[in-house]
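Worksheet: the structure to be examined is printed underneath.
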Amino acid sequence: MNELIEQIIVRKSPKSEVPIKAGMVLLCVIFFLLFFITASSFMLIVMALVVVGAVFVFRSFNLEYEYSWFNNELQIDKIISKSSRRKGPTFDFSRMEVMAPLGSSELLRMENGNYRKMNYTSNDPEALVYSAYVFCNGELVNLLFEPNSEMVNSIRTLNSRKVFD
């Protein structure tokens, strides 16, 4: 059962990013004006550093997640601005406790535990988000993700009694 399933999820920007982006633009404008008022080389260096910082902040908000299902493990990588890839955690689904759509009654028995929540969703309110309690680095975590039907079926064949719709 060594099938490879890959899926890319484009993350929508949450509303909390708007003030951060506006603040970075405002900071750039302020330092730009300060440079022209003072005309000092120090202000030029500071302005350049602020602009470079703003570029990195804007790039970090453009995220995609790549799910790679292989050999009963789910590897999730972050793709930043379609240019750089960061290897993410690997989840062992052979030791999964339960997996169901978010808000499902089957997840109620796990809600009282103090599990770390790992969110790899698109932030789209219409997307079908699954919650899975799986092991990652020896720790049971609550994984929120959006698998396609092919991936759900593959996980179901591995753990038919622990996957709910």
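All of the numbers you see were taken from the coordinates with simple rules; none came from a lab. The structure displayed is predicted, hence computed values, not measured ones. Don't worry about glycine lacking a Cβ; one is built from the backbone with ideal geometry, like all the others, and counts go over all protein chains shown.
Computed values, structure above
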read-out: Antiparallel DSSP beta bridges within the stretch 29-165, as percent of all bridges there, nearest 5; value: 80
read-out: Under the span-like rule (Cα at least 27 Å along the axis, Kyte-Doolittle mean at least 1.6), DSSP H helices of the chain; value: 17-38, 41-60
read-out: Cβ charges +1 (Lys, Arg) and -1 (Asp, Glu), total dipole of the stretch 1-62, debye; value: 220
read-out: Stokes-Einstein translational diffusion, the stretch 29-97 - Kirkwood Rh over all Cα pairs, 1.002 mPa s, 20 °C, in µm²/s; value: 141
read-out: Gyration tensor over alpha-carbon atoms, the stretch 59-135, equivalent ellipsoid semi-axes in Å; value: 24, 16, 11
read-out: Rel. contact order, % - alpha carbon contacts under 8 angstrom, at least six apart, the stretch 45-121; value: 19
read-out: Translational diffusion coefficient (Stokes-Einstein; Kirkwood radius from C-alpha pairs) of the chain at 20 °C, 1.002 mPa s, in µm²/s; value: 117
read-out: Between the stretch 74-118 and the stretch 137-165, the alpha-carbon center distance in angstrom; value: 9
read-out: Over the stretch 18-82, relative contact order from alpha-carbon pairs under 8 Å, at least 6 apart, %; value: 25
read-out: Dipole moment magnitude, nearest 20 debye, the chain about Cα centre, only Lys, Arg, Asp, Glu C-beta charged; value: 520
read-out: Over 15 Å [Cα-Cα, the stretch 1-50], rounded percent; value: 63
read-out: Mean separation of Cα contacts under 8 Å, 6 or more apart, over the residue count of the chain: relative contact order %; value: 22
